[in-house]
Amino acid sequence: TEKVTIQALQKMRDSRIPISMLTAYDYPTALACSANPSIDITLVGDSLAQVCLGYKSTTQLTLDEMIHHCRAVVRGTTHPMLVADMPFGSYHGSMDEAVNNAVRMVREGQIEAVKLEGGEEIVDLVHRLTSVGIPVMAHVGLLPQRHVSFSGFKVQGKNIESAKRMVKTSKLLEQAGAFSMVVEAVPKELGKYITENVSVPTIGIGAGPWTSGQVLVWDDAMGTWLGHKAKFVRRFANLQTARDTGVQSYASAVKDGSFPDPQRESYTLDQAEWTRFL
Ligand code: KIV
Ligand code: NA
């Protein structure tokens, strides 16, 4: 499978071939994404904070932690484009600090593009990063890093004013150089409208079926996350059940002495040697 490039993603968008993005947080999940030629983008999302590290919020994730996981994911990534979230706070100080942190993501984390949540307030940064060759995927709509100011994880753009602002913001982010944008938790009509009014690919999550692509969090899609299930989540596998069954079978086999089997699962000493040993 050929390496997925920005140009290839743009072609998919232009010819209405849906783009598929899935998150990964470590080497085995990265391998699972790369094993399927139909996965176009692997995202080291900062959902890493909750589903993988057990934090309550993405705002607790540090840049060092993100880079550590990016390095594991890159070792398991082949054809998908590799994108990662810049953690909360790592791009909110000065422009120079934000650029330095993005450079760390690329140089140390070895990812190919950074994803940034935000609107007009990050337009200058998007321009600066893209102008020095760091590709940026924007993220509009519900911004999980701001769930406290948003008073929760709520559908965005439900009234005309906020929908208009989001369309305007999306166009500004495109003009600033974003090669693509995630659109999260908006009514499907707005997901479609934004998609038709920017020329770069839109990747929806809870944004309806008419965006250029879709993304889901690994643990939501594979059924390994027992927390809240948003309306837009579909479980494509139930790994939780398979995993629990496996743990149970292992534990009971140890407890009842049936594991390991003395023949099939144990090493045997040559009998002559054993007699001398005794
Ligand atoms: O952190 C994440 O996993 C994300 C995607 C769901 C878009 O930002
Ligand atoms: Na994220």
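What follows is calculated from the coordinates using simple rules that are stated; it is not laboratory data. Small disclaimer: the values here were computed from a predicted structure and weren't measured. No Cβ is skipped: glycine too gets one built from the backbone with ideal geometry, and neighbour counts run over all protein chains shown.
Along its three principal axes, how long is the stretch 24-75 when you only count alpha carbons? Whole Å, largest extent first please.
Over the stretch 24-75, Cα extents along the principal axes are 33, 17, 15 Å.
From the Cα gyration tensor of the stretch 6-237, with a ≥ b ≥ c the square roots of its eigenvalues, which class applies: rounded if a/c is under 1.5, or else prolate if a/b is larger than b/c, or else oblate?
Since a/c stays below 1.5, the shape of the stretch 6-237 is classed as rounded.
Which aspartates and glutamates, on any chain, are close to Lys3 with Cα under 15 Å apart, when same-chain ones fewer than 8 places away are left out?
Partners within reach: Asp40, Glu112.
Short version: ³J(HN,Hα) in whole Hz for each residue of the stretch 82-87, in order, from phi by Karplus 6.51 cos²θ - 1.76 cosθ + 1.60 (θ = phi - 60°), x for Gly and Pro, what are they?
10, 10, 9, 6, 7, x
Where does each of Asp96, Asp219, Asp85 land when they are ranked from fewest to most other beta-carbon atoms within 10 angstrom?
Ordered by Cβ neighbours within 10 Å, fewest first: Asp96, Asp219, Asp85.
Checking the table Lys11/Lys168; Lys154/Lys188; Lys154/Lys231; Lys115/Lys171 against a 21 Å threshold on Cα-Cα, which pairs fail?
Beyond 21 Å between Cα atoms: Lys11/Lys168.
May I ask you to sort Thr224, Thr268 by Cβ crowding, counting other Cβ atoms within 10 Å and putting the fewest first?
Numbers: Thr224 18, Thr268 8.
Least to most surrounded, the residues fall as Thr268, Thr224.
Once every DSSP H run of n ≥ 4 in the chain is given -39500 (n - 2.57) and the sum is divided by its residues, what mean residue ellipticity at 222 nm do you get, rounded to the nearest 500 deg cm²/dmol?
Result for the chain: -12000 deg cm²/dmol, rounded to the nearest 500.
Distance between Cα centroids, the stretch 31-53 to the stretch 152-216: provide it in whole Å.
Centre-to-centre (Cα) distance: 21 Å.
What net charge do the residues around Arg71 carry, taking every other residue with its C-beta under 13 Å from that of Arg71, with Lys and Arg at +1 and Asp and Glu at -1?
Charge balance in the 13 Å sphere: -1.
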